[in-house]
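Step one of this worksheet: look at the structure below.
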Amino acid sequence: MSNASVTAGATTDAAALAAELIDSLMLRPWGQVSPSVYETGRVVALAPWLTGHRERIEYLTGTQRQDGAWGAPDGYGLVPTLSATEAILTALARQDPDTDPDRLTQTAERGLRLLATWLREPVDLPDMPAIEHIVPSLVALINRHLQNLPGHAPLPLPGGMSYDGLQRVVSWIGSGNEIPEKLLHALEVAGDHAGGAPSVRPAAIGTIGASPAATAAWLGGREADGPARDHLEAVVRRHGGPVPVGLPITVFERSWVLSWLVRAGVPVEVPPEMVADLRAAIGPAGTPAGPGLPADADTTSVALYALALLEAPCEPESLWRFRSGAHFSTWPAEQGVSVSVNAHVLDAFGQYVARRPAAAPLYEQTIREVSAWVREQQRADGSWMDRWHASPYYATASCALALGSFGGDASDEPVRLAVEWVLDTQRPDGSWGRWDGTAEETAYAMQTLLLTAGRTDPRRLRAAAAGEEYLMRSAGREHPPLWHDKDLYAPLAITRAAVIAAVHLSRRARGRPWPPGGAPF
């Protein structure tokens, strides 16, 4: 078989998988997202009348680990464990029908014992949205339950946390003043004050803050018909009871899926209405990930980048409102900073200039400044870490690819160091991953190797081939949640796109066809 035939075979199967994935974006426009223990726990506590209540309780009891925890290691388990434990305690106190009180009691006891141990020691908490409000709100709720449970001392707050910020939020919501859009996503932290808050209005599709928990909190125990109730019913029916931490994520999902696929050279035929919708989503303030959320620099940047890759470039002037000195913030006045957001801003500006060279004078200086800022954030081992993803492989791929494309000669050495770090951290089974090898992280590592200068280096090709073999073996497995929101989550279409792109790159680099029938990524 000729090289041309081999490449054509690889392209056909990659294109077929991509076409199927893009079709699914049209069929499920709210997004494909894994269920969340935190969010499901809040809906159990706040909306027992909602369809799928028993299934949500079974999801919580069925996902508890033997040690009593829920969630990932390294501090990521605190929020889901607090939420699930409080939800089970609430179900017990209400004597919810169709539940097993003995099983719920055992589940709650395991959670309480572990929380008491965790919170007596220093806790290194990850940088998650609203965690400074979520943790105090849940600890307060659990301590209210413990007043009626002999033998349990009140839970302390983690070191460095207080109830002050939460009280300010509760007072603000109770005052009736306008609430920032960003806060709506975690409206449930306000407790009873969230119910029917006069300054809160559902989005056109019925959601509050693109969050089932926030929407349930705003309903405040009311079972009244209306857009918010209809939205919640649609979400739980789509997911079989448990709920995701954020939905809809329409613009976010489409932007990442298209950018992963097109940057890797996967042939895609994008429905013209999807391109038109992306363009229409970008207003003077940028675009949000989906209805009910504020516009953010990350989604705006990746949407702009995807449009430019699709030969439909859109002026990126909306990004200027996120400028904060030498870098860009996710939102104006953001607490903290994200390297992946800035890498995506670099992609957006760089790709727009590549498509519209006459615009170069408007953006060249900013491109240089953002490139320098991203380089300065690189860790000594060659990797980057970020506030929107638990894995350094995501941040490193984002930064290395942006710098390699638009960072100039000064970025050559940082990109080389990133590649060396990726090569040095591959696992014996061919995978990459922070805690265990995962298909998603392996895909990011392979993209770092195969989409930067020197991609034909035999070491890279061998490492990518081993990664590809791992991806083929793991096809069909569940993607663990690694993305940051109130809880870790997996945007399933996005992770699938990353894997398709990585396998396509590896097979194209080695001139090999896909196996018959491809793989069910």
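Things worth noting here:
- Restricting the search to helices (runs of 4 or more DSSP H) fully inside the range 178-249 and requiring at least 1 residues that are open to solvent by less than 10 Å² (accessible area, probe 1.4 Å) and small (G, A, S) gives 212-219, 227-239.
- Selection within the range 315-334 - hydrophobic (A, V, I, L, M, F, W, C) and over 26 Å from V33 (Cβ atoms): W320, A326, A333
- Residue selected from the range 96-123 under the condition open to solvent by less than 20 Å² (accessible area, probe 1.4 Å) and among the hydrophobic types (A, V, I, L, M, F, W, C), by the criterion farthest from A72 (Cα to Cα): L104
- The condition (being part of a loop (DSSP other than H, G, I, E, B), of a type outside the set (S, T, N, Q) and touching a Leu at 6+ places or on another chain (Cβ under 8 Å)) is satisfied by just one residue among P481, P513: P481.
- Checked against the criterion of being among the β-branched types (V, I, T), at pLDDT 95 or above and in contact with a strand residue (DSSP E or B) (Cβ under 8 Å, 6 or more places away or on another chain), the candidates V43, V79, V37, V33 yield just one match: V33.
- Some residue of the range 299-310 being modelled with pLDDT of 95 or more, in a loop (DSSP other than H, G, I, E, B) and under 22 Å from G265 (Cα atoms): yes
- Single condition Y38 does not satisfy, out of (1) surrounded by fewer than 24 Cβ atoms within 10 Å (Cβ to Cβ); (2) assigned to a helix (DSSP H, G or I): (1)
- Which listed residue, of E369, E413, E420, is open to solvent by 10 Å² or more (accessible area, probe 1.4 Å), in contact with a His (Cβ under 9 Å, 6 or more places away or on another chain) and not aliphatic (A, V, I, L, M): E369
- Of all the numbered requirements in (1) among the hydroxyl-bearing types (S, T, Y); (2) open to solvent by less than 20 Å² (accessible area, probe 1.4 Å); (3) in contact with a Ser or Thr (Cβ under 9 Å, 6 or more places away or on another chain), S175 misses one, and that requirement is (2).
The values are calculated or read from the model by the stated rules, or taken from the named source; none is laboratory data. Model, not experiment: these values are computed from the prediction. Here Cβ is always computed from backbone atoms with ideal geometry, including for glycine, and neighbour counts include all displayed protein chains. Calculation scope for accessible area: heavy atoms of the full protein, side chains included, ligands and nucleic acids excluded. Shrake-Rupley method; radii C 1.70, N 1.55, O 1.52, S 1.80 Å.
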